[in-house]
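Undergrad: Sending over a structure as structure tokens; questions will come in a sec.
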Amino acid sequence: MASASHYAFASERYARLGVDTGAALEKLAQIPISLHCWQGDDIAGFEGRGGDVGGGLAVTGSYPGRARTPDELRADMDKALSLIPGRHRVNLHACYAETGGRKVERNELEPEHFANWLDWAQRGGLAVDFNPTYFAHPMADDGFTLAHPDAGIRRFWIEHGRACRRIGAFFGRGTGSPCITNVWIPDGYKDLPADRKTPRERLTAALDELFSEPLAPQHNLDAVECKLFGLGSESYVVGSHEFYLGYAISRKKVLCLDSGHFHPTETISDKISAVLPWVERLLLHVSRGVRWDSDHVVIFSDELRAIATELARGDYFPRVHIGLDFFDASINRVAAWVIGARATLKALLQALLEPAAKLREMELSGDFSGRLALQEELKSLPFGAVWDTCCERNGVPQGIAWLDEIRRYETEVLSRR
Ligand code: RNT
Ligand code: ZN
């Protein structure tokens, strides 16, 4: 039990700085996190393929208990969600289609192949986000998809994108909340290109065609995700940041910023207020790069806190959609989800508890000593008591107690797979 007296003490400490802990908790309850299904099965999907994910994505580790079927994956996500405070969303990839053992090409996917996912989401009161899968496929083997020089291969991938937008709209209609359908492609060159221009022209034309079917924005919203480099595309990525920033502004698309997709000293926290005057909405892929775009499990890091702080200060929540994007197969996969999601919520809560007006006042009056001193003091305020109360009010375990449940699930379910 969160001790009421601890919470009262914490509230009083925050109130002295003009911060209302109750209001912060209420605000946090309104913010969904989109939980990515691919942490549960090492991005394997259900197409029956074995081997590498491809597309420069690497999942390392061999912890037992990987979800092998849609039902296992949904049960694992249910378990994770039961340990995360609040109401959230789930993020699916096209390669998680259920085709009843029949081979269905990606350009022929239909909403019906996601009917079980929708049923499950509706039962759990979950909204859904979606992604076309532009990797782990023979047509993506040479590292190009929508920007491929071969018109036939481009056509296949354009059709895949069009099919996925309809599936996105199906989820949006079925859940009553717009589905964000996010396009990320691996296209690029390992070594110095001879032509940087033409692939970008091809990508522009392919995207325009992919997005040409009008769909109601209350059902589906399109996002585009940029990247600096990938494994196998170290020298050139067609869909770079500048490319997609321009595309998203000119075509009125959602821009996706993945925290692992920039130079290691470049942060997406600074980009939020820089791009939001120009794009209507942002999708964040919250990840954690360690030396490179390694997609480690998200933790309560300085950058995570900086991202959350920017969202709270700008009150950007109606325009910024928060998704997780990491994959670690070296630890319990369900624990990975819980750690990442709880860290993100903690960061948001701490951001909502910031005395933003006071800090701004100090900044405007030139009191930079005070600004730095207060920012440091905030780090040791009794934040934990407010977080415990958040968990208690949402009926999820407080502190590390959630791990007991994961250990039990591992013994009874995961270790038997
Ligand atoms: C890859 C992108 C992309 C993927 C997922 C699986 O670098 O971050 O978002 O991680 O779609
Ligand atoms: Zn991403």
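The values are calculated or read from the model by the stated rules, or taken from the named source; none is laboratory data. Everything numeric here is computed off the predicted structure, so don't read it as measured data. In this analysis, Cβ positions are derived from the backbone assuming ideal geometry, glycine residues included, and neighbour counts consider all displayed protein chains. Each accessible area value is taken on the protein alone, full model and side chains, heavy atoms only, with ligands, DNA and RNA left out. Shrake-Rupley method; radii C 1.70, N 1.55, O 1.52, S 1.80 Å.
Undergrad: Output yes when any residue across region 206-213 is assigned to a loop (DSSP other than H, G, I, E, B) and closer than 16 Å to residue 247 by Cβ, and no when none is. Talk me through it step by step, then tell me what you get.
TA: At the first step, the residues of region 206-213 found to be assigned to a loop (DSSP other than H, G, I, E, B) are 211-213.
Pick out the ones that are also closer than 16 Å to residue 247 by Cβ and you get 211-212.
So far as region 206-213 goes, yes, one or more of its residues are assigned to a loop (DSSP other than H, G, I, E, B) and closer than 16 Å to residue 247 by Cβ.
Undergrad: Also: Is it the case that residue 205 is open to solvent by less than 20 Å² (accessible area, probe 1.4 Å), more than 15 Å from ligand 1 (Cβ to nearest atom) and among the aliphatic types (A, V, I, L, M)?
TA: Answer is no for this residue.
Undergrad: Out of region 104-145, which residues are away from ligand 2 (no atom under 16 Å from the Cβ) and of a type in the set (Asp, Glu)?
TA: Listed by number, the residues that qualify are 105, 108, 110, 112, 119, 141, 142.
Undergrad: What residue, among those in region 171-183 that are open to solvent by 30 Å² or more (accessible area, probe 1.4 Å) and in contact with a strand residue (DSSP E or B) (Cβ under 6 Å, 6 or more places away or on another chain), is farthest from ligand 2 (Cβ to nearest atom)?
TA: Among those residues, the one meeting the criterion is 175.
Undergrad: Tell me, yes or no, whether region 100-117 has at least one residue that is in contact with a Phe, Trp or Tyr (Cβ under 6 Å, 6 or more places away or on another chain) and either closer than 22 Å to residue 79 by Cα or among the small types (Gly, Ala, Ser) (or both).
TA: Looking only at region 100-117, we keep the residues that are in contact with a Phe, Trp or Tyr (Cβ under 6 Å, 6 or more places away or on another chain), and these are 107, 111.
Checking the rest, the ones that are also either closer than 22 Å to residue 79 by Cα or among the small types (Gly, Ala, Ser) (or both) come to none.
No, every residue in region 100-117 fails to be in contact with a Phe, Trp or Tyr (Cβ under 6 Å, 6 or more places away or on another chain) and either closer than 22 Å to residue 79 by Cα or among the small types (Gly, Ala, Ser) (or both).
Undergrad: Can you pull out the residues in region 1-58 that are under 20 Å from residue 378 (Cβ atoms), exposed (fewer than 13 other Cβ atoms within 10 Å of the Cβ) and of a type in the set (D, E, K, R)?
TA: Across region 1-58, the qualifying residues are 12, 16.
Undergrad: Among the residues of region 257-278, how many are more than 15 Å from ligand 2 (Cβ to nearest atom), in a loop (DSSP other than H, G, I, E, B) and in contact (Cβ under 8 Å) with a residue 12 or more places away in the chain? Spell out the reasoning first.
TA: Residues of region 257-278 more than 15 Å from ligand 2 (Cβ to nearest atom): 263-267, 269-270, 272-278.
Right, trim to in a loop (DSSP other than H, G, I, E, B) and you get 263-267, 276-278.
From what is left, the residues that are in contact (Cβ under 8 Å) with a residue 12 or more places away in the chain are 263-264, 267, 276, 278.
Total meeting the criteria: 5.
Undergrad: Count, please, the residues in region 92-112 that happen to be open to solvent by less than 10 Å² (accessible area, probe 1.4 Å) and either among the hydroxyl-bearing types (Ser, Thr, Tyr) or over 17 Å from residue 49 (Cα atoms) (or both).
TA: Of the residues in that region, 2 qualify.
Undergrad: Hey, does region 42-52 have a residue that's among the aliphatic types (A, V, I, L, M), within 16 Å of ligand 2 (Cβ to nearest atom) and under 30 Å from residue 231 (Cα atoms)? If you could, list the steps in order and put the result at the bottom.
TA: The initial filter retains those residues of region 42-52 that are among the aliphatic types (A, V, I, L, M), namely 43-44.
After this cut, where a residue has to be within 16 Å of ligand 2 (Cβ to nearest atom) as well, the list is 43.
Still in the list and also under 30 Å from residue 231 (Cα atoms): 43.
So far as region 42-52 goes, yes, one or more of its residues are among the aliphatic types (A, V, I, L, M), within 16 Å of ligand 2 (Cβ to nearest atom) and under 30 Å from residue 231 (Cα atoms).
Undergrad: Follow-up question, since we're still on this one. Return the residue satisfying two criteria in turn: it lies in region 241-256 and is out of contact with any Asp or Glu (no Cβ under 6 Å at 6 or more places or on another chain) and within 14 Å of residue 183 (Cβ to Cβ), and of such residues it is farthest from ligand 2 (Cβ to nearest atom).
TA: Checking each candidate, the answer is 251.
Undergrad: Could you list all residues from region 248-295 that are hydroxyl-bearing (Ser, Thr, Tyr) and within 15 Å of ligand 1 (Cβ to nearest atom)?
TA: Across region 248-295, the qualifying residues are 259, 287, 294.
Undergrad: Just the residues that are touching a Leu at 6+ places or on another chain (Cβ under 8 Å) and either closer than 15 Å to residue 233 by Cβ or open to solvent by 70 Å² or more (accessible area, probe 1.4 Å) (or both), please, taken from region 187-202.
TA: Result: 187, single match.
Undergrad: Could you grab me the full set of residues in region 323-335 that are in contact with an Asp or Glu (Cβ under 7 Å, 6 or more places away or on another chain) and either outside any helix (DSSP H, G or I) or surrounded by fewer than 24 Cβ atoms within 10 Å (Cβ to Cβ) (or both)?
TA: Answer for region 323-335, where residues must be in contact with an Asp or Glu (Cβ under 7 Å, 6 or more places away or on another chain) and either outside any helix (DSSP H, G or I) or surrounded by fewer than 24 Cβ atoms within 10 Å (Cβ to Cβ) (or both): 323, 325, 326, 327, 329, 332.
Undergrad: Kindly establish whether residue 121 is touching a Phe, Trp or Tyr at 6+ places or on another chain (Cβ under 8 Å), outside any loop (DSSP other than H, G, I, E, B), open to solvent by less than 30 Å² (accessible area, probe 1.4 Å) and away from ligand 1 (no atom under 16 Å from the Cβ).
TA: So residue 121 fits the description; yes.
Undergrad: Can you tell me which residue is nearest to residue 229 (Cα to Cα) among those in region 64-93 that are out of contact with any helix residue (DSSP H, G or I) (no Cβ under 7 Å at 6 or more places or on another chain) and touching a residue at least 60 places away in the same chain (Cβ under 8 Å)?
TA: Here the residue is 89.
Undergrad: Anything in region 55-97 that is in contact with a Gly (Cβ under 9 Å, 6 or more places away or on another chain) and modelled with pLDDT under 95? List them, or say none.
TA: Passing the criteria: 55, 56, 57.
Undergrad: Tell me the helices (runs of 4 or more DSSP H) entirely within region 356-417 that contain at least 2 residues that are of a type in the set (D, E, K, R) and surrounded by 13 or more Cβ atoms within 10 Å (Cβ to Cβ).
TA: 356-364, 383-393, 402-412
Undergrad: Is it fair to say residue 278 is open to solvent by 20 Å² or more (accessible area, probe 1.4 Å) and out of contact with any Phe, Trp or Tyr (no Cβ under 9 Å at 6 or more places or on another chain)?
TA: So residue 278 fits the description; yes.
Undergrad: Since residue 168 meets every condition but one in (1) open to solvent by 10 Å² or more (accessible area, probe 1.4 Å); (2) more than 24 Å from residue 231 (Cα to Cα), which condition does it not meet?
TA: Every condition holds for residue 168 apart from (1).
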